[in-house]
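Scroll down for the structure; my scribbles are underneath it.
The values are calculated or read from the model by the stated rules, or taken from the named source; none is laboratory data. The model shown is predicted, which means the values in this text are computed figures rather than measured ones. Every residue, glycine among them, receives a Cβ derived from its backbone with ideal geometry; neighbour counts consider all protein chains shown. What goes into the accessible areas is simple: the full protein's heavy atoms, side chains included, and nothing from ligands, DNA or RNA. Shrake-Rupley method; radii C 1.70, N 1.55, O 1.52, S 1.80 Å.
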Amino acid sequence: MAETVYPVPANWAQDALVDEAAYHAMHRRSVEDPVGFWRDAAQRIDWIKPFTTVKQTSFNEADFGIEWFADGTLNLSANALDRHLETRGDQVAILWEPDDPADAARRITYRELHADVCRFANVLKSRGVQKGDRVTIYLPMVPEAAVAMLACARIGAIHSIVFAGFSPEALAGRITDCDSTIVLTADEGLRGGKKVPLKDNVDEALGHCPAVETVIVLRRTGAAVPMVPGRDVDWAEVAAAQSTVCEPEEMGAEDPLFILYTSGSTGKPKGVLHTTGGYSVWASITHQYVFDYRPGQIYWCAADIGWVTGHSYVVYGPLMNGATTVMFEGVPNYPDASRFWQVVDKFGVEIFYGAPTALRALMREGDEWVTRTSRKTLRLLGSVGEPINPEAWEWYHKVVGEGRCPIVDTWWQTETGGVMISPLPGATALKPGSATRPFFGVQPALVDNEGVPIEGAGDGCLVITDSWPGQMRTVWGDHERFFQTYFSTFPGTYFTGDGCRRDEDGYYWITGRIDDVINVSGHRMGTAEIESALVAHAKVAEAAVVGMPHDIKGQGIYAFVTTNANVEPDEALRRELVQWVRHEIGPIATPDVIQFAPGLPKTRSGKIMRRILRKIGENDVSNLGDTSTLADPSVVDHLLANRPQLA
Ligand code: 6R9
């Protein structure tokens, strides 16, 4: 595929915080003099007691440790709220859009949010929550979720948000793992017009969690839910009884801020732990520069607070930067496929940050859903969560952004706390599908399977060679697992688990998880590459590719393909797609199997559950493992029932 380059638009080069020259100068300083760079950069935070040490980090087994600004003290909620009261107390902090567009939006100013947070912090204290205690949050996308996070941060409690789409089983596991004794939830959630029985789920989960003493229940739909006397209390009732004065707790920079569970390739989900100082610096500085954010701009990150993107870029980063942050309860296609762009018009959104999976789904519905809206306020678009295939990128750029909005394709992970590799809109010429260049302080490197560094252009495993402030500090309760998972594969470096290509311009192209790499006749191929080729076909909406055992090639290519609405998949199309991929990538990428499917198995955050597809590819379907976190488990039944006969 021919590579298109989109230069920085002239107005962006001129007006942005950082242009090309400034990017290079700042990045160079950040790696040559990290202590000086971060000592200066950390002044963006209001410290209670200033730090004297900046960086004490080692990725080596002998003296392994990660500490930033260690002797400084601060409070994140004070940085997100109190510091704004004088300058922008009456500015809207959270603009909340409900699931149903007919219901009223909510506009919460910094002053109101501050009061709500203090009040709820006092609620937590009144229930016995102390600094260091774990608070499980199982709430839908409502402002109270942000209030709960900030209230925890205010008193030094560690929040553990569990996505409100997770099953009771998953919730119970996470409550137990971090020994949480308090759960915050709602009667029901609302998404895409459907009710989610959150309180019922909590009740079921708590059957396995006898240590939980308090459940605070927010009334979202008003459904009648059973309340266990002594354990369950009504959110509004207990909040009303508290004062709006609550002094922020003085936290050490390395005191824990939150735990967020994330799945790896093996074992049960890991409790990724982030601490206070480094994370605050990282979430705020990345939000400011990646989105070229100026206080007061209307900014919308469409992620759920159940994911790290919601933590760093719906709540913490934007609020520390004095943003008006949009919080959206709903889904992209309810009531119809114009929903995102209607919300953009309703609020005058200038910066929109979303996921490729949503974009591909909307793209499939046709352009009119987009073009019937104005979107004239949009200036910048962002992408996160998975590689964005060039077709979706071009559509996002041309149709959604009308060619005038740069796209920041941001690569990062739960573990990294914030964006690591991304364009800066005023500095970086864009190549569709590339996350482009490292953020300040990030030192990516490529190594081969034996750990030998790859210089210049090439393909390999993506590692990060030195620490950055937003890095996770441990796996909750299992420091050894932290070291083993991330620092033992390629000693002395942080191993991301992602494969990556670096081109002649030093641009990084994430090719997908290493465990998604398939080896066909000795040729390594990113499944994302083949998927991208398939999706480039006019009739294909979405594709997922896995390896399958092959007698001669070692591994063959098994492709799951969802066609566009109105396309009837048949044998002719199958042959056409095989030829298409051969044409796009080369004969080496010829798919061995193409299975058409109306839907792919996805988690509720929209990530394709490749584990299941791999098992189908390997014809090992007797035990597909835990499928409880799938958005729609029936998709799997369809896949199993329609497997093509293999020779
Ligand atoms: C923020 C987030 C992390 C994994 C990561 C990678 C994939 C995320 C990406 C991307 C290509 C991007 N990923 N952003 N791949 N381009 N812009 O998604 O965190 O849920 O922990 O997932 O997602 O494979 O390793 P998390």
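Details
- Straight-line reach from K607: taking Cα to Cα under 29 Å and skipping same-chain neighbours fewer than 8 places apart, the lysines in range are K194, K195, K199, K268, K270, K346, K398, K431, K539, K553, K615.
- Estimated distance in nm for a label pair at A538 and R481, the labels positioned 7 Å out from Cα along Cα-to-Cβ: 5.0 nm
- Here the 3J(HN,Hα) profile of region 556-570, calculated from phi with Karplus coefficients 6.51, -1.76 and 1.60 at θ = phi - 60°, is x, 10, 10, 10, 9, 10, 9, 8, 5, 4, 6, 9, 8, x, 8 Hz, Gly and Pro shown as x.
- Shape category assigned to region 323-404 from the gyration tensor of Cα positions, a/c cut at 1.5: rounded
- Sum of side-chain charges, T52 neighbourhood, beta-carbon under 11 Å (Lys, Arg +1; Asp, Glu -1): +1
- Sequence-distant residues sharing a close amide H with R191 (under 5 Å, placed H): V196
- Ellipticity estimate at 222 nm from DSSP helix runs (n ≥ 4, -39,500 (n - 2.57)) divided over the chain, nearest 500: -8000 deg cm²/dmol
- No Cys partner within the rule (Cβ under 4.7 Å), the chain: C152, C178, C209, C301, C405, C461, C500
- Nearest-0.05 FRET efficiency for S628 and V228, computed from C-beta distance (R0 25 Å): 0.55
- For the chain: rounded, prolate or oblate by the Cα gyration tensor [a/c cutoff 1.5]: rounded
- Excluding same-chain neighbours fewer than eight residues apart, the aspartates and glutamates reachable from K376 by a Cα-Cα span under 15 Å are D345, E350, E402.
- Shape category assigned to region 335-456 from the gyration tensor of Cα positions, a/c cut at 1.5: prolate
- Local electrostatic count at R220 - Lys and Arg +1, Asp and Glu -1, tallied over other residues with Cβ under 14 Å: -3
- Within the chain, percent of DSSP bridges classed antiparallel, to nearest 5: 60 percent
- Portion, in percent, of the accessible area of the chain that falls on carbon or sulfur, probe 1.4 Å: 50 percent
- Accessible surface, the chain, averaged per residue in Å² (probe 1.4 Å): 37 Å²
- Couplings for region 457-474, taken from phi via the Karplus curve 6.51 cos²θ - 1.76 cosθ + 1.60 with θ = phi - 60°, read 5, x, 10, x, 8, 8, 10, 10, 8, 9, 6, 10, x, x, 5, 4, 9, 6 Hz in order; Gly and Pro are left as x.
- Environment charge of R372, counting only residues whose C-beta is closer than 11 Å and scoring Lys/Arg +1, Asp/Glu -1: -3
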